[in-house]
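Participant: The structure follows.
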Amino acid sequence: SGAGGNGDGGGPPTIGDFDGDGTADVALAAGNAYVVFDGGDLMNTMIPAADAVLWASATNDCSSAQTGSTLFDFDGNGRVEVVYGDQEQLRIYDGLTGTILAMHPHPTGTINEYPVVADVDADGQADIVAVTRETCGDQACGQLRVYGSATGGWVRTRRVWNQHTYHVTNIEEDGSIPIDEQPNWTTPGLNNFRQNKQPGGEFTASDAAVTLQPACFQGYSLQATVRNLGQAPLPAAPW
């Protein structure tokens with residue numbers, strides 16, 4: 001529950017395939033935890049909701065307890081990552097395990113906001129856009145922050161995220177509104193909610209291949225050859 005008598009708790013849901021089993025899963029952020037529910041278990045009436053938890057991670061959002069999150073496959077390995085900000089930290093989680101991959105200070109008095117992912121500077125790599133606002137009365141103390149990969153390791157994504165209920169098929173990348181919107185849940189590669197994707201039908205990522213060979217120059221050693229078999233540049237590291 002949130003502060004000031006706010007006992008509602010639970011932000012807007014985020015939907016995507018967290019564990020790569022082909023079934024959409026559901027995530028919610030509350031006042032003290034971010035929780036991912038296995039979609040298959042949720043649909044099974046024989047499994048209690050409490051037993052359908054895929055993973056949970058402790059958070060701190062006593063301001064509103066109603067923040068949201070977004071999903072994106074930053075490193076192009078076919079598995080989503082989660083981006084979530086409470087009133088203290090902006091975190092990137094591994095979608096399958098909940099392991100924190102990155103964390104950055106994120107002081108804010110929350111309402112019902114959430115970070116989004118788009119290529120805002122058109123450099124061919126995804127960016128994270130987040131807002132912060134410390135509880136400082138009527139003063140203009142908020143910030144709009146944009147984060148990118150320090151190593152250039154994040155894959156491409158669309159340049160648009162136009163609304164709170166973003167679901168890809170609701171908007172074209174040039175900002176135009178589809179006359180006949182296609183259902184997200186029947187579109188190949190989607191069936192998600194609040195998750196961005198690579199442009200069009202593209203799926204490009206780096207693919208490192210390492211070959212080891214013995215070397216006998218000035219003593220015994222190993223010689224490593226690193227090749228990139230993917231269609232995107234190979235970074236030093238994605239995080």
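Participant: Extension gain THR45-THR169, at 0.36 nm per residue separation less the Cα-Cα distance, in nm?
Facilitator: Values: separation 124, 0.36 × 124 = 44.64 nm, distance 3.06 nm.
Result for the pair: 41.6 nm of gain on full extension.
Participant: Now, a different point. Which value in nm describes the separation of the simple spin-label points at ASN77 and VAL210, placed 7 Å from the Cα toward the beta carbon?
Facilitator: Here the answer is 1.3 nm between the modelled labels.
Participant: Mind putting a number on the dipole of segment 14-186 about its Cα centre? Charges go on the C-beta only, +1 for Lys and Arg and -1 for Asp and Glu, and I need it in Debye to the nearest 20.
Facilitator: Values: 7 positive and 26 negative charges, 72 e Å.
Computed charge dipole of segment 14-186: roughly 340 debye.
Participant: Subtracting the Cα-Cα distance from 0.36 nm times the residue separation, let me have the gained length for LEU144 to MET103 in nm, one decimal. Present the calculation step by step, with values, prior to reporting the outcome.
Facilitator: On the way: separation 41, 0.36 × 41 = 14.76 nm, distance 1.71 nm.
Full extension from LEU144 to MET103 adds 13.1 nm.
Quick note: the coordinates plus some simple rules give every number you see, no bench work behind them. Only a predicted model underlies this, so the values are computations on that prediction, with no experimental measurement involved. Methodologically, a virtual Cβ is constructed for each residue, glycine included, from the backbone with ideal geometry; neighbour enumeration extends over all protein chains shown.
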